[in-house]
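**Q** Below is the structure I would like to discuss, written out as structure tokens.
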Amino acid sequence: MRILTGINKGRNLNQPSGIRPTQNVVRKALFDILGDVEGLSFLELFAGSGAVGFEAVSRGVKDLVFVEYNSECVRAIQKNIDGLKLYSCCLYQKEAGAAIKDFHQEKRLFDIIFLDPPYYHDIPKNILHTLGAYDILSPDGLIVVQHVEKDTLPETLGDLTLLREKKYGKTFLAFYGKQCVK
């Protein structure tokens, strides 16, 4: 797996075994949709190898945080951080729900929250509920959920609204933002 664009374009990433990495076409499409991410804060939940977060920082994200529970994945992400010399990145070995609650307590906000949880277990919907209950999204921020069709997601959840959804083969990207209050 390689970083597709930006200052680290072409750099190889360590990949732990047994994960389902985000495909290159989906990563490219994600950042084409997001546009300019320079200077933003980025949280990757269920980080796996961290490929999406490393792509984000290569494109100019200033604040990158990874959350991953699996020890093998954490070791791979740390190797990638060391190999890319990205020592300002933060890596938390925690379950996603616990990390969200901790960030909420710290009053920490993120401009982009990306999650690619295991498929077929209602995890995307459950984490969206947690994100709705513990607001860590900046006012103009986006939550992006990678999922499959079988993992149905709500149109709205609290003040979160599904803004758009795109399909790439069997993979979907769902983009959520905060509802405008009038």
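The values are calculated or read from the model by the stated rules, or taken from the named source; none is laboratory data. Note that the structure is a prediction, hence the values are computed from the model and not measured. Neighbour counts are summed over all protein chains in view; Cβ atoms, including those assigned to glycine, are modelled from backbone coordinates with ideal geometry. Just the protein is used for accessible areas: all its heavy atoms, side chains included, with ligands, DNA and RNA removed. Shrake-Rupley method; radii C 1.70, N 1.55, O 1.52, S 1.80 Å.
**Q** Please state which of the following conditions A98 fails to meet, knowing it meets all the rest: (1) in contact (Cβ under 8 Å) with a residue 40 or more places away in the chain; (2) under 15 Å from T130 (Cβ atoms); (3) assigned to a helix (DSSP H, G or I).
**A** Of (1) in contact (Cβ under 8 Å) with a residue 40 or more places away in the chain; (2) under 15 Å from T130 (Cβ atoms); (3) assigned to a helix (DSSP H, G or I), only one is false for A98: (1).
**Q** Sticking with this one: Could you tell me which residue of the range 102-124 is farthest from the chain's Cα centre (by Cα), considering only residues that are surrounded by 16 or more Cβ atoms within 10 Å (Cβ to Cβ) and not in a strand (DSSP E or B)?
**A** If we filter the range 102-124 for residues that are surrounded by 16 or more Cβ atoms within 10 Å (Cβ to Cβ), which is where we start, we get 103-104, 109-117, 119, 123-124.
Next, only the ones that are not in a strand (DSSP E or B) stay: 103-104, 109, 116-117, 119, 123-124.
Values: F103: 15, H104: 17, L109: 14, D116: 7, P117: 9, Y119: 15, I123: 14, P124: 12 Å.
Once the filter is applied, the top-ranked residue is H104.
**Q** Any residue in the range 108-133 that's farther than 18 Å from G50 by Cβ: show its pairings with residues that are among the basic types (K, R) at Cβ separation under 9 Å, as long as the two are six or more apart or on different chains.
**A** Matching pairs, first to second residue: Y119/R20; Y119/K150; Y120/K150; T130/K101; A133/K101.
**Q** Filter the range 4-32 down to the residues that are basic (K, R) and either modelled with pLDDT of 80 or more or part of a helix (DSSP H, G or I) (or both), then identify the one that is most open to solvent (accessible area, probe 1.4 Å).
**A** Going residue by residue through the range 4-32, those that are basic (K, R) are 9, 11, 20, 27-28.
Narrowing the set further to residues that are either modelled with pLDDT of 80 or more or part of a helix (DSSP H, G or I) (or both) leaves 9, 11, 27-28.
On the way: K9: 140, R11: 98, R27: 0, K28: 105 Å².
Among those residues, the one meeting the criterion is K9.
Matching residues to (1) in a strand (DSSP E or B); (2) in contact with a His (Cβ under 7 Å, 6 or more places away or on another chain); (3) of a type outside the set (S, T, N, Q):
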{"residue": "I127", "(1), (2), (3)": "no, no, yes"}
{"residue": "T130", "(1), (2), (3)": "no, no, no"}
{"residue": "P139", "(1), (2), (3)": "yes, no, yes"}
{"residue": "V145", "(1), (2), (3)": "yes, no, yes"}
{"residue": "P154", "(1), (2), (3)": "no, no, yes"}
{"residue": "E165", "(1), (2), (3)": "yes, no, yes"}
{"residue": "L173", "(1), (2), (3)": "yes, no, yes"}
